[in-house]
Structure formats: C-alpha cells, structure tokens
C-alpha cells in the first residue's frame, strides 16, 4: 500500500534541509525522503489528473448513452406507430378480402336476381302495354259519348276512369236518374260489360255546398245514393252484379276549386273506375303467399 505524502510533510523536509541543522548522514537521508515524497506527490498528482480525465470521459460516455437512449425511445415510438398503422392496414385489407369473397359467393345469386328483375320488368312492360291498349279501346268505344260531351275517359292514380257529370244524370239534390241520365248509364254499362275479366267501382262525388234534407243528411249520403242508383241501372242494363260496386267520397275528393260555379260543376260527378287486375301484376303470387 503506497502512502500519499501531504504538502505539509514535504515542506517540513524541505525546511530541515534548508537550515542545515542536521548531520551529513541525516541530511542525505532527508534528501532521499524529500525526493521520494516529491516523486510520490508528482505521481499522485498525475494519477489525480488521470482520474479526472477518466471521470470526464465517463461523464461524456454517460451523456452519449443518454442521448442514444432518447433516440432509441423515439425510434421505438415511431415503430409502434408504424405497427399500429400496419395493423390497421391489415384489418382493412382483411375486410376487403372478406367483402370480395362474399361478393364472389353472391355473384351467382346476383345474376339470378338480375334475371328475375328483368323478367319482372318485361312483365310490367307487357302489362303496361296491355293497359294502354285497353285505354285506347275504351276511348274508341266511348267516342260518340265523348264527342257529345256526356262523359270523359281519363287516367286517375293509375286507374282508367269514366267520368260523368251528375248535372246531366240527376236533378239538383236528387239521386233519381233523369231520362237522359238513364240512357247514358245504359250505354256506358253496355260498353263496360263487353270488357272481359274486369270489375268496376262506381264512385259518387259532390261539391262542398252542404245538403241536409229528409233523405240526405250530408253530401256523403247524396253521393252514396247516386252511386247506388247508377249501379242498379248498370245491372239492369246487363252488367253482372259481381263485377260492380258502389262508393261515396262526398265533397272530399275534388278535381277543381269549389270557389267558382265552374269548379263546383266539375266536382259534382260520377266516376266509374276500371278496377286493376292485381293478379296480372308481378309479385302477385308472392303477395298471396304472404297474405295466407
């Protein structure tokens, strides 16, 4: 174990040598001790410098290691974000792949659905063409009455309608057919009865002028009575009773404003509706199954 000399010891030895108060042998011994102490001091100072250098180098290494740690942590965070992004991309691609597989499995069903839709479209087109032909036929058969201004043939809510003004058919406030009205209804019934496989609904309509008599307490009653009267007359004129019915709308389905006499005249009417044959429409069989 080496002894590190103190500055005080070296100074003491130096002082003794300088005073000359020692013998020659002692002087030589002190000189040797002094030199040895000085050498030890120099060595100690050198070791101290070396240790300080090593300490500084260690501090620099620690600082570099800390910086490298921060850089690694930042890189780790970046890699974690990249991992999350890749996981999201993988999930998206998995969903797309599942969709493609699902779509592929449905492709045949889709083709079948398209074929079925095309067939239904063609059936609807054929039905529409058939109804247009029926409408043109109806116009042709009622041409004389249309030209005489006794009735109109029109399409209302997709239904063929024969409209007759009640002022021609009935006296005001009455449900008894006039002579001209009886002739007109008989002629209409003859034409409609010749249309095969069709049913008809007679609808009574009034204006909004209230009525309240012993026979008719409201416009509902008057319109209903007139519709039933027309039905009875059509049955008398050879219309099968199972192909015709009556309905009343009163003043609640106007075709013109009731503010003018002309508008009220248009609203007072009998409409004979050609009831659509639902069995000829696409999807009827499925509807029947749903309905039990």
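One residue is enough: does segment 120-128 have a residue meeting the conditions at pLDDT 80 or above, assigned to a helix (DSSP H, G or I) and over 23 Å from residue 197 (Cβ atoms)?
yes
Of (1) over 21 Å from residue 145 (Cα atoms); (2) buried (at least 16 other Cβ atoms within 10 Å of the Cβ); (3) free of Cβ contacts under 8 Å to residues at least 60 places away in the same chain, residue 209 satisfies all except one. Which?
Evaluating residue 209 over (1) over 21 Å from residue 145 (Cα atoms); (2) buried (at least 16 other Cβ atoms within 10 Å of the Cβ); (3) free of Cβ contacts under 8 Å to residues at least 60 places away in the same chain leaves (2) as the failure.
Mind telling me which of the residues 204, 181 ends up being in contact with a helix residue (DSSP H, G or I) (Cβ under 8 Å, 6 or more places away or on another chain) and assigned to a strand (DSSP E or B)?
None of the others qualify; the one that does is 204.
For residues in segment 267-292 being modelled with pLDDT of 95 or more and not in a strand (DSSP E or B), which is surrounded by the most Cβ atoms within 10 Å (Cβ to Cβ)?
Checking each candidate, the answer is 268.
Identify all residues within segment 147-195 that are touching a residue at least 60 places away in the same chain (Cβ under 8 Å), buried (at least 17 other Cβ atoms within 10 Å of the Cβ) and over 22 Å from residue 222 (Cβ atoms); write none if there are none.
Matches in segment 147-195: 160, 192.
The values are calculated or read from the model by the stated rules, or taken from the named source; none is laboratory data. This structure is a prediction, so every number in the text was calculated from the model and none was measured. No Cβ is skipped: glycine too gets one built from the backbone with ideal geometry, and neighbour counts run over all protein chains shown.
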